[in-house]
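K.L.:
Can you keep this structure in mind? I'll have questions shortly.
The values are calculated or read from the model by the stated rules, or taken from the named source; none is laboratory data. Everything numeric in this text was worked out from a predicted model, so none of it was measured. Don't worry about glycine lacking a Cβ; one is built from the backbone with ideal geometry, like all the others, and counts go over all protein chains shown. With ligands, DNA and RNA removed, areas are computed over all heavy atoms of the protein, side chains included. Shrake-Rupley method; radii C 1.70, N 1.55, O 1.52, S 1.80 Å.
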Amino acid sequence: MGLTERRLAKVGARLKSLRGELAVIDEQLIHLGDDADDQELRALVAETPNASGEATRARRHVESMQKHRAHVVAEITELEARQDELLDRLTAG
């Protein structure tokens, strides 16, 4: 196995890992978003500083996970481009 093939295998393995991580993140975002919505509703009903703080923390957690998701998506995009380059190099001979 040549250097290009090894690099291609490494990129492919990393892509597979990141895609799995992305699926987990997407699932977590659904639940975190639901929780944040519930916390915001509770804060409106309770009208207490404690409930408002919990809602704010829940929303920040969602925002943090969204940033993490964006980072993973960007890395996937970069690796897909790298994979294309390696495939082109491999087929060019």
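K.L.:
So is Val24 open to solvent by 60 Å² or more (accessible area, probe 1.4 Å), part of a helix (DSSP H, G or I), of a type in the set (Val, Ile, Thr) and at pLDDT below 95 or not?
P.N.:
no
K.L.:
Taking the stated definitions as given, is Ala46 touching a helix residue (DSSP H, G or I) at 6+ places or on another chain (Cβ under 7 Å), over 30 Å from Arg89 (Cβ atoms) and among the small types (Gly, Ala, Ser)?
P.N.:
Working: touching a helix residue (DSSP H, G or I) at 6+ places or on another chain (Cβ under 7 Å): no; over 30 Å from Arg89 (Cβ atoms): yes; among the small types (Gly, Ala, Ser): yes.
So Ala46 does not fit the description; no.
K.L.:
Same structure again: Among the residues of segment 1-16, how many are surrounded by fewer than 12 Cβ atoms within 10 Å (Cβ to Cβ) and under 22 Å from the mean Cα position of the chain (by Cα)?
P.N.:
Within segment 1-16, residues that are surrounded by fewer than 12 Cβ atoms within 10 Å (Cβ to Cβ) and under 22 Å from the mean Cα position of the chain (by Cα) number 2.
K.L.:
Of the conditions (1) in contact (Cβ under 8 Å) with a residue 12 or more places away in the chain; (2) closer than 30 Å to Ala92 by Cβ; (3) not charged (D, E, K, R), Ser17 clears all except one; give me its number.
P.N.:
Only one criterion in (1) in contact (Cβ under 8 Å) with a residue 12 or more places away in the chain; (2) closer than 30 Å to Ala92 by Cβ; (3) not charged (D, E, K, R) is unmet by Ser17, namely (1).
K.L.:
Being among the acidic types (Asp, Glu), part of a helix (DSSP H, G or I) and open to solvent by 90 Å² or more (accessible area, probe 1.4 Å) is the filter here; which residues of segment 28-62 pass it?
P.N.:
none
K.L.:
Another question about this same structure. Name every residue in segment 63-93 that is under 30 Å from Gly2 (Cβ atoms) and either open to solvent by less than 60 Å² (accessible area, probe 1.4 Å) or not in a helix (DSSP H, G or I) (or both), in order of residue number. Spell out how you get there, then give the answer.
P.N.:
Applying the first criterion (under 30 Å from Gly2 (Cβ atoms)) to segment 63-93 yields 72, 74-93.
Across segment 63-93, the qualifying residues are Val72, Ala74, Glu75, Ile76, Leu79, Ala81, Gln83, Leu86, Gly93.
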